[in-house]
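The values are calculated or read from the model by the stated rules, or taken from the named source; none is laboratory data. A quick note: this is a predicted structure, and the numbers were derived from the prediction, not measured. Using ideal geometry, Cβ is built from the backbone for each residue, glycine included, and neighbour counts are taken over all protein chains shown.
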Amino acid sequence: MDKLFNLRDRKTTVRAEVFAGLTTFFAMAYIVFVNPAQVAAGGVSGWLVGAGADAATIGRIWNAVYIASILSAVIGTLLMAFYAKLPFAQACGMGLNAFFCTCFVAGAHFSGVDVMDGYHSGLVIIFLSGLLFLILSITGAREYIARSLPDCLKKAIPAGIGLFIAFIGFQNAGIIQANQYTLVQFTDFHGGEWATVAPALVALIGTLIIGILAKLKVKGNVILGVFASAILYYLFLGKTPDFSMSSVGQSFADFGKYGLGGLFSGTAWKLAFGGAHIGGIFSALILIITFSLVDMFDTIGTLYGTAAQANMLDEHGDPVNMNRAMSCDSIATVAGALLGTSTTTTFVESAAGVAEGGRTGLTSLTTALCFVLCLFLSPLASVIPTAATAPALIYVGVLMLKSISRVDMDDPTSAVPAFLALIMMPLTYSIANGIGIGAIAYVVMRLCTGKYEKKDIVATAIGVLFILKFAFITM
């Protein structure tokens, strides 16, 4: 095991890696159920069925995506384990899955296109975006782009991801809720229903438990906090874990018929470039570039953030094995499209495992094996509620925020782009948007202050690409 994963060189142990892998899995296990719900607009009881979509068709898509989501996570995470040998996990990207639904599933329904055909045409777009991503990885272009990022953005990205991860945790537990006037609000502990208040209370207590255990230097503080929070959750609500196995067989059947190879079925390719829900070849090309662009910068951001947290940066401040990690990401996206799901990307929740001590591919292997179990024991992922994993995400946010202290805040040409990248990640719910807005600000400020140099060309190209994205794509 030591020879395969270089445990000694990275100063870790099998026990630490396994605990880290379990932590990562429980932090991101929600994606097993959230991704099919996002792609299939909430499933048979979701909003699209309420808008008139055929419930049976939506249910088939949900089942197909459920199995495809797990398999793509297993493939991508195993690639990270054995090829990149890094403690990062992959799964279908949040935000990208909702965008997939808007463009191809809901978009098809409201354009008069069969929803199943819309789903399959979307897989074509994801497949091609993954191939583009793979070409950029094989040629080394992606690694060059990542290494050429301005130093202030490299340092702001981990902190921005930390805020983003913490924000996800606050939302998952219901600590932060939507408000029609102020956009967000703190949960109502005074007048709210106990079923809503309890998860928020559990998450806040869990965060304190992890922090206290960390201060006391207790090994496994994150996963212990997660388990303690899960116990509190069931005690507070008087619930027991649900282990229903009734829907597993139908999910496999629908996956085999509608998900696996769905992009090669019927009129998928014709609709991908000419369907009413897409709008023509130009729109299709913009979508391919957009999905690839967002995936690339989400991955770059996650790699820098988690690698910095794990102290796995090289002498230039770049993640080790970065090109291999990005190749894993693109291969997983291509595989995911072939299986029947939206873009697969490196997950920010990997930072939870890194915080637990994960340093090698053994962490990823452990996470992948947990996902394999979900194929047959789907209730496993739901045993740990989101209220219990939220504290891990919030605590990771605390750890990752420290990188912003290394930005030169006395120089506005560094401070302003860094701050915009930092704050825009949680506010726009996108790592890629934060990087893009930060790059645009950096280039404009360097040009206007006479400090623009040859090395800033890559940041300029990134800024131009994001300007085009913002101009042509709503996301």
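Some observations on this one:
- Residue check for LEU362: surrounded by 23 or more Cβ atoms within 10 Å (Cβ to Cβ) and touching a residue at least 12 places away in the same chain (Cβ under 8 Å): yes
- Members of region 290-316 that are surrounded by fewer than 24 Cβ atoms within 10 Å (Cβ to Cβ), closer than 18 Å to ILE437 by Cβ and of a type in the set (A, V, I, L, M, F, W, C): LEU293
- Options CYS374, CYS370; residue that is more than 17 Å from ASN63 (Cα to Cα), of a type in the set (A, V, I, L, M, F, W, C) and in contact with a helix residue (DSSP H, G or I) (Cβ under 8 Å, 6 or more places away or on another chain): CYS370
Here is a yes/no grid of residues against (1) in contact (Cβ under 8 Å) with a residue 24 or more places away in the chain; (2) not in a helix (DSSP H, G or I):
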position	(1), (2)
ASP9	no, yes
ALA16	yes, no
ALA20	yes, no
VAL44	no, no
TYR83	yes, no
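- On the stretch given as region 236-253, residues that are modelled with pLDDT of 80 or more and in a loop (DSSP other than H, G, I, E, B) total 3.
- Test for LYS402: is it in a helix (DSSP H, G or I) and of a type in the set (Lys, Arg): yes
- Condition check for LEU399: surrounded by fewer than 21 Cβ atoms within 10 Å (Cβ to Cβ) and more than 28 Å from ILE126 (Cα to Cα): yes
- Count - residues of region 269-286 that are assigned to a helix (DSSP H, G or I) and among the β-branched types (Val, Ile, Thr): 2
- From the options LEU71, LEU7, LEU86, LEU22, residue that is at pLDDT 95 or above and touching a Ser or Thr at 6+ places or on another chain (Cβ under 9 Å): LEU71
- Screening GLY46, GLY50, GLY95 for residues that are over 22 Å from LEU123 (Cβ atoms), surrounded by fewer than 23 Cβ atoms within 10 Å (Cβ to Cβ) and not β-branched (Val, Ile, Thr) leaves exactly one candidate, GLY50.
- Subset of region 106-156 (residues that are crowded, with 21+ Cβ neighbours inside 10 Å and hydroxyl-bearing (Ser, Thr, Tyr)): TYR119, SER121, SER129, SER137
- Any hit, region 448-457, residues being buried (at least 18 other Cβ atoms within 10 Å of the Cβ) and at pLDDT below 90: no
- The single condition among (1) more than 25 Å from GLY280 (Cβ to Cβ); (2) surrounded by fewer than 24 Cβ atoms within 10 Å (Cβ to Cβ) that GLN90 does not satisfy is (2).
- Candidates GLN185, GLN171: the one that is over 30 Å from GLU453 (Cβ atoms) and either in a strand (DSSP E or B) or modelled with pLDDT under 85 (or both) is GLN185.
- The condition of being in a helix (DSSP H, G or I) and modelled with pLDDT under 90 holds for PHE297.
- Top-ranked residue in region 414-432 [being surrounded by fewer than 19 Cβ atoms within 10 Å (Cβ to Cβ) and farther than 17 Å from PHE99 by Cβ; ranked as modelled with the lowest pLDDT]: LEU427
- Qualifying residue in region 368-384 (condition: under 20 Å from THR299 (Cα atoms) and either of a type outside the set (Asp, Glu) or touching a His at 6+ places or on another chain (Cβ under 6 Å) (or both)): yes
- Taking the numbered list (1) surrounded by 22 or more Cβ atoms within 10 Å (Cβ to Cβ); (2) of a type in the set (A, V, I, L, M, F, W, C); (3) under 13 Å from the mean Cα position of the chain (by Cα) in turn, LEU79 passes all entries but (3).
- Whenever a residue of region 404-423 is at negative phi, its partners that are of a type in the set (Ser, Thr, Tyr) and assigned to a helix (DSSP H, G or I), lying with C-beta atoms within less than 8 angstrom and at least six residues away or across chains, give the pairs VAL407/SER414; ASP408/SER414; THR413/TYR442; PRO417/TYR442.
- Residue match in region 366-385 (condition: more than 20 Å from VAL34 (Cα to Cα), within 19 Å of the chain's Cα centre (by Cα) and of a type outside the set (Gly, Ala, Ser)): yes
- Residue check, LEU224 within 30 Å of TYR119 (Cα to Cα) and either more than 25 Å from the chain's Cα centre (by Cα) or of a type in the set (A, V, I, L, M) (or both): no
- Evaluation of CYS103 against (1) within 18 Å of ILE300 (Cβ to Cβ); (2) buried (at least 20 other Cβ atoms within 10 Å of the Cβ) (one fails), failing number: (1)
- Complete set of residues in region 46-78 that are assigned to a helix (DSSP H, G or I), without any contact (Cβ under 8 Å) to a residue 24 or more places away in the chain and over 20 Å from ALA253 (Cα atoms): TRP47, VAL49, GLY50
- In this structure, GLY336 qualifies as touching a helix residue (DSSP H, G or I) at 6+ places or on another chain (Cβ under 7 Å), touching a residue at least 40 places away in the same chain (Cβ under 8 Å) and not hydrophobic (A, V, I, L, M, F, W, C).
- Residue within region 394-406 that is of a type in the set (A, V, I, L, M), modelled with pLDDT of 90 or more and under 27 Å from THR306 (Cβ atoms) present: no
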